[in-house]
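No lab work stands behind these numbers, since they all come straight from the coordinates. Since we're looking at a predicted model, the values are computed, not measured. Every residue, glycine as well, gets a Cβ built from its backbone with ideal geometry; the counts of neighbours run over all protein chains shown.
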Amino acid sequence: MKRLLWLDISKGLAILFVAYFHFFRTYFEHGTLPPADWNGLAASALTIARLVWLKVSGLGFHAVGVFIILSGWTLMQSTTRRAESGAIAWGTWYRARFLRLYPMYWVAHLVYLVSPFVARLEPVDSRIILSLLGLRFIDIQMNFMYLNAAWWYFSMLIQFYLIFPLLFWAARRLGPLRFLLIACATGFFARYILLVVWPQNGLWVLGGFAICRLPELALGMSLAMWHTQSAARLEWFLLRGAGFVVGLILYPAALLLYHGATAYVFVDFATGACCFLEIVGIAGLILLFKGLANVFGLVGLYSYGLYLIHQPYVIWLGLRIREQPIWMFLLIAVATLAVLSAWGMLLEKATNTLVNKLVSARKTARP
């Protein structure tokens, strides 16, 4: 089963959108657009462009849902590949996931502690122990967003990995549609309890309790199964524009779900799915240009490194360029994301190489 370039491109677009959103939020936190000017075609076009920029930029956090969907897809795809070659050794599977996730996560902590040009908004104290363990949901209000707020995703991810063998078995046993429906019902029920019946800190719904984001992960897993059954049909829908148009039509309805606690039960799944259709649709367009596709595919391949290191850098820089006009911010953003992508790629590649060498050396040293 070959690696799908358009999936890597989609991952690249998703992580760049998330990083851009954090940059935008810092830069424009207290900003206002210039007064609307409808006098003349050029002035009207500029006013519309600013309004579109503000609205689209504000949706960047929806790409987190896209990343959950893509994670479900790639996890299901890679694990199915293992299952096809024989019984899955889940102990080996967990070991591989640990070596994939934790070393780079620890490197990101080290980089944060020693790197210049990062925003240090909280003191380094005993909470760093739970952060290093990935258990940021313990005393969630104090720890979930500690040091680098983006790291909350890691604590959700390890919960999903912990229960993934059960999810994988259920998906294969039930089939993609029934599995998706049951997973959605489970996730929506958990969100309803925590939002309406027994209101809790919103960080639990964000991902502190991973079951609340199970619908997005299950959607990705089901899509991977449907892709195995009919790759051409699914790729035609996702990559040839049909999915993009559907997502664009449904997005306004998804945004309405932000109004009301009961409606909010469904909002992360709805906005994540719509954003997924938009991002994958753009990936299909990028796929037509080989050089560009390879660049975004490379960013997606090493998206984990960019995710782990980007936020303190963009906050530090965003705080220092608030007086710059929008066009200058956009130029700075493009350059910054390019540099951070290269930096994250270098760190992740070096970390993976070192871990592989240490594992190989240990195997060689065994009697």
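Brief remarks on what is shown
- Think of the chain as a dipole: +1 on every Lys or Arg Cβ, -1 on every Asp or Glu Cβ, centred on the Cα centre; then among 190, 44, 271, 190 lies furthest on the positive end.
- When only the Cβ of Lys, Arg, Asp and Glu is charged (+1, +1, -1, -1), the dipole of region 199-333 relative to its Cα centre reaches about 180 debye.
- Local electrostatic count at residue 30 - Lys and Arg +1, Asp and Glu -1, tallied over other residues with Cβ under 13 Å: 0
- For Rg/Rh (Cα atoms, Kirkwood Rh), the value calculated from this model appears in (1) 1.04; (2) 0.96; (3) 1.16 under label (2).
- Placing +1 on each Lys and Arg Cβ and -1 on each Asp and Glu Cβ, with no other charges, gives the chain a dipole about its Cα centre of roughly 1280 debye.
- Here's the picture: a label point sits 7 Å out from the Cα of residue 177 along the beta-carbon direction, and within region 230-274 the residues with their amide nitrogen under 15 Å of it are 230.
- Each of residue 100 and residue 149 was given a label point 7 Å from its Cα along the Cα-to-Cβ line. The distance between the two points is 2.8 nm.
- For region 206-256, the spread of Cα positions along each principal axis, largest first, Å: 36, 28, 10
- Net charge of the neighbourhood of residue 294, taken over other residues with C-beta under 15 Å away and scored Lys/Arg +1, Asp/Glu -1, is +2.
- Cα gyration tensor, region 8-104 - rounded (a/c under 1.5), prolate or oblate: prolate
- Binned Cα-Cα distances of region 59-186, short to long, each 10 Å bin given as a whole percent: 10, 35, 33, 17, 5, 0
- Inter-label distance for residue 78 and residue 54, nm, one decimal - labels placed 7 Å from Cα along Cα-to-Cβ: 4.2
- Label-point separation, residue 132 to residue 331 (7 Å along Cα→Cβ), nm: 4.4
- Averaging 1/r over each pair of different alpha-carbon atoms in region 125-194 and inverting the result gives 13.9 Å, the Kirkwood hydrodynamic radius.
- Rg to Rh, two decimals, where region 193-313 supplies the alpha carbon set and Rh follows Kirkwood: 1.02
- In range of the label at residue 263: residues from region 62-82 whose backbone nitrogen is under 11 Å from the point 7 Å along Cα→Cβ: none
- Across all directions, the shadow cast by the convex hull of region 104-252 built on its C-alpha atoms averages 12.0 square nanometres.
- Radius 9 Å from Cβ of residue 284, net charge of other residues (Lys, Arg +1; Asp, Glu -1): 0
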